[in-house]
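Read through the structure below, which is laid out as structure tokens, and then see the notes.
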Amino acid sequence: MKHNGVVLFSYHRRQRDTAKILGLNIVVALAMYAAAYQFLPEGDTAVQELLAVADIAIVVVVLCLLAGAFYLYKKNEAVEVIVTPSTFFYHDPYFSSLTIEVAVKDILSITQTTDVQQDFHTTRMHLRDGKSHQLMLINHRLDRAALYDALKKANPTIESPEHPNRFKKRVPDWVKKLRK
């Protein structure tokens with residue numbers, strides 16, 4: 001997003017950064033594999049069977065991590081969250097190039113819930129026209145408190161979570177019906 005003027009909140013993270021983390025995971029996986037051969041007892045048949053499975057698994061794991069790292073390194077799009085006094089912009093290439101750009105004055109509330117059965121966190125932005133958008137903020141290490149403060153500064157009427165790192169438990173409708 002091209003923005004001129006005052007920026008109240010800004011978060012940018014390129015996919016190349018995630019590719020580097022996947023590369024680090026490859027190093028850790030190989031170190032664990034080597035440590036298994038170094039420190040597990042050699043004469044035990046259960047250990048030998050485990051290591052035979054590990055021989056196959058390490059190849060699969062490293063190839064998958066390597067493929068993901070190369071893909072993200074080459075693609076290198078950016079996750080962006082920008083709040084200006086008039087606009088909220090959110091782009092997340094990890095989710096079908098999810099892009100949301102709305103006027104801050106149109107935002108009614110932000111809710112954070114967790115499904116009690118699946119322990120799945122959801123952050124939703126509710127708009128005055130009745131629409132809502134799911135924001136995948138939990139997947140990124142951005143400062144949600146600063147984001148919510150910036151939104152409140154741009155539009156003091158926005159209802160935001162009491163605490164940026166706590167999610168209200170949501171019981172699915174079918175469970176509520178069973179409990180009646």
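For region 97-112, the count of residues that are part of a helix (DSSP H, G or I), in the same structural domain as Tyr148 (by TED's automatic domain parsing), closer than 17 Å to His133 by Cα and of a type outside the set (Lys, Arg) is nonzero. Applying the criterion of being modelled with pLDDT of 90 or more and of a type in the set (Val, Ile, Thr) to the residues of region 110-158, the residue that is surrounded by the fewest Cβ atoms within 10 Å (Cβ to Cβ) is Thr157. On the stretch given as region 69-83, residues that are in contact with a helix residue (DSSP H, G or I) (Cβ under 7 Å, 6 or more places away or on another chain) and outside any strand (DSSP E or B) total 6.
One line per residue, one yes/no per condition, for (1) under 22 Å from Ile158 (Cα atoms); (2) within 20 Å of the chain's Cα centre (by Cα):
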| position | (1), (2) |
| --- | --- |
| Gly68 | no, yes |
| Ala78 | no, yes |
| Ser86 | yes, no |
| Tyr94 | no, yes |
| Thr99 | yes, yes |
| Asp106 | yes, no |
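Can we say Leu24 is exposed (fewer than 13 other Cβ atoms within 10 Å of the Cβ), under 24 Å from the mean Cα position of the chain (by Cα) and more than 25 Å from Ser160 (Cα to Cα)? Judged against the criteria, Leu24 is a match.
Got at least one residue in region 125-141 being in contact with a helix residue (DSSP H, G or I) (Cβ under 8 Å, 6 or more places away or on another chain), in a helix (DSSP H, G or I) and not hydroxyl-bearing (Ser, Thr, Tyr)?
The initial filter retains those residues of region 125-141 that are in contact with a helix residue (DSSP H, G or I) (Cβ under 8 Å, 6 or more places away or on another chain), namely 127-129, 137.
Remaining after also requiring in a helix (DSSP H, G or I): 137.
If we keep only those that are not hydroxyl-bearing (Ser, Thr, Tyr) too, we end up with 137.
Yes: region 125-141 contains one or more residues that are in contact with a helix residue (DSSP H, G or I) (Cβ under 8 Å, 6 or more places away or on another chain), in a helix (DSSP H, G or I) and not hydroxyl-bearing (Ser, Thr, Tyr).
Filtering Ile100, Ile107, Ile21 for residues that are without any contact (Cβ under 8 Å) to a residue 24 or more places away in the chain and under 30 Å from Asp143 (Cβ atoms) leaves a single hit, Ile21.
Each row is one residue, and each column tells you yes or no for (1) at pLDDT 95 or above; (2) in a helix (DSSP H, G or I); (3) not assigned by TED's automatic domain parsing to the domain that holds Gln134.
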site: Leu24; (1), (2), (3): yes, yes, yes
site: Ala29; (1), (2), (3): yes, yes, yes
site: Tyr33; (1), (2), (3): yes, yes, yes
site: Tyr37; (1), (2), (3): no, yes, yes
site: Gly43; (1), (2), (3): no, no, yes
site: Ala46; (1), (2), (3): no, yes, yes
site: Ile56; (1), (2), (3): yes, yes, yes
site: Val59; (1), (2), (3): yes, yes, yes
site: Val62; (1), (2), (3): yes, yes, yes
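Within region 2-22, track down each residue that is among the charged types (D, E, K, R), at pLDDT 90 or above and closer than 30 Å to Lys153 by Cβ. Spell out the reasoning first.
Of all residues in region 2-22, those among the charged types (D, E, K, R) come to 2, 13-14, 16-17, 20.
Filter again for at pLDDT 90 or above, leaving 13-14, 16-17, 20.
Across region 2-22, the qualifying residues are Arg13, Arg14, Asp17.
The values are calculated or read from the model by the stated rules, or taken from the named source; none is laboratory data. Source: prediction; values computed, not measured. Ideal geometry is used to build each Cβ from the backbone, glycine not excepted, and the neighbour counts take in all protein chains shown.
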